[in-house]
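This report concerns only the one structure given below.
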Amino acid sequence: MKYLEGENLRDYTTFKIGGPIKFLVKVQDKSELFEALDKAEQEKWPLLILGSGSNILASDQGFSGLVIKNEIKGLEIISENDSEVIIRAQSGEIWSKLVKFTVDRNFYGLENTFHIPGTVGAAPIQNIGAYGTELKDCLVSLKAINLKTKEEKEFSASDCELAYRDSIFKNELKGQYFILSLDLRLKKNGNLNLNYPDIQRVLTERKITEPSLSDLIEIIREIRDEKLPNPGVLPSAGSFFKNPIISSELLSKLQDKFSDLRYFVNGDEIKIPAGWMIEKCGFKDRDFGSVGVHKKQALILVNYGGAKQSDVLALAQKIKEEVKDRFNISLEEEVNII
């Protein structure tokens with residue numbers, strides 16, 4: 001393995017922000033991971049685990065230790081019966097490749113998460129989700145390596161404490177584990193979740209009355225490409241803020257104040273789209289020097305070139321203050337700030 005010097009975090013994140021890295025190594029299997037962990041222990045280097053860098057706002061100071069870039073790949077069916085199947089996905093796989101793998105085999109459960117950027121290993125950290133589906137709906141368990149003891153541990157889905165864009169790996173176990181693989185339970189005969197207005201709109205436009213799994217992921221690809229910037233052209237980290245969960249009492253007050261209020265209900269949760277509030281505060285399609293708010297989706301902050309972490313954080317703080325003042329709602333960042 002090569003321990004690369006002179007690399008820069010901006011070249012490994014979709015936001016294209018971040019400073020110099022002391023050392024970077026790419027690992028492609030468990031033995032290489034252990035070798036890298038041993039090396040870091042010997043040299044007393046701090047560790048940073050990196051997947052595709054699609055949900056990160058990195059420091060301009062960089063990272064003065066070892067960055068381990070996860071490239072451990074593999075997808076396999078480990079068990080199945082007449083009604084369901086369990087897939088094991090290695091953590092360095094691109095998430096959408098996993099979804100396509102399942103859709104091609106007519107397995108139901110992940111299709112609404114298609115085209116979410118990032119790797120499999122990042123999915124349980126964020127409890128990723130889209131269009132009414134979250135990872136917690138199908139996660140059975142995961143395997144992870146303790147970065148200090150190098151012991152392998154299996155976490156059940158409940159052990160992971162998955163919540164809306166949250167997990168144990170963002171809280172008490174933050175930075176302590178390298179997620180190695182996920183086991184996911186999917187259905188062989190399932191029902192598509194078509195409830196979101198954008199999905200219904202495209203189905204109507206295409207006059208599709210009985211969509212297949214393949215139809216649905218292509219529709220979701222189209223919707224996401226239409227609304228979200230291509231980070232290769234306009235750097236970003238995707239959705240910068242979480243959609244806040246509010247009480248029914250606050251919902252009632254907001255409905256009295258805003259006749260065009262947007263919200264959606266998922267089980268017992270009431271969510272207000274953060275992008276809608278940001279737009280109502282006048283930030284959509286506005287530039288603030290090297291940073292700005294995307295012209296089609298106010299939830300996304302973009303780097304117009306040469307932006308620093310401090311520029312993004314200053315804009316994010318301005319947005320949070322305006323939203324709090326107008327809606328009495330505190331926005332939380334979805335991106336990982338390192």
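Some values worked out for this structure:
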item	result
The chain: radius of gyration over Cα atoms, expressed as a fraction of 2.2 N^0.38 Å	1.02
Accessible area in the full protein assembly, largest first, 1.4 Å probe, for 290, 158	158, 290
Segment 188-293: projected area of the alpha-carbon convex hull, averaged over directions, in nm²	9.6
Evaluated at q = 0.14, 0.17 Å⁻¹: base-10 log I(q)/I(0), Debye formula over Cα of segment 69-160	-0.50, -0.75
Cα pair distances in segment 1-126, grouped into 10 Å bins until the bin that holds the longest one, percent each	12, 37, 30, 15, 5, 0
Per-residue ³J(HN,Hα) for segment 131-136, Karplus 6.51 cos²θ - 1.76 cosθ + 1.60, θ = phi - 60°, Hz, x for Gly and Pro	6, x, 10, 10, 3, 4
Loop-located GluC sites (Glu not before Pro) in segment 62-164 whose Cβ has at most 12 other Cβ within 10 Å (DSSP)	151
Prolate/oblate/rounded call for segment 95-232, Cα gyration tensor, a/c under 1.5 rounded	prolate
Range of Cα positions in segment 239-288 per principal axis (Å), largest first	37, 23, 12
Net charge, residue 137 excluded, C-beta distance under 11 Å - Lys, Arg +1, Asp, Glu -1	+2
5 angstrom amide H check on residue 337, placed H, neighbours 5+ away	57
Of 73/174; 143/188; 26/271; 188/296; 227/253; 136/253, pairs whose Cα-Cα distance is over 27 Å	26/271; 188/296; 227/253; 136/253
Estimated D of segment 169-239 in µm² per second, where Rh is the Kirkwood radius over Cα pairs and Stokes-Einstein applies at 4 °C, 1.567 mPa s	83
Pairwise centroid distance, computed over Cα atoms, of segment 278-338 with segment 1-70, Å	27
Per residue, the convex hull volume that the Cα atoms of segment 34-101 enclose (Å³)	104
Alpha-carbon centroids, segment 175-230 and segment 109-163: separation in whole Å	17
Along principal axes, Cα extents of segment 253-338, largest first, whole Å	41, 25, 22
Probe 1.4 Å, protein heavy atoms only - accessible area per residue of the chain in square angstrom	48
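The values are calculated or read from the model by the stated rules, or taken from the named source; none is laboratory data. Just so you know, these numbers come straight off a predicted model, no measurement behind them. Heads up, the Cβs are rebuilt from the backbone with ideal geometry, glycines too, and the neighbour counts pull from every protein chain shown. What goes into the accessible areas is simple: the full protein's heavy atoms, side chains included, and nothing from ligands, DNA or RNA. Shrake-Rupley method; radii C 1.70, N 1.55, O 1.52, S 1.80 Å.
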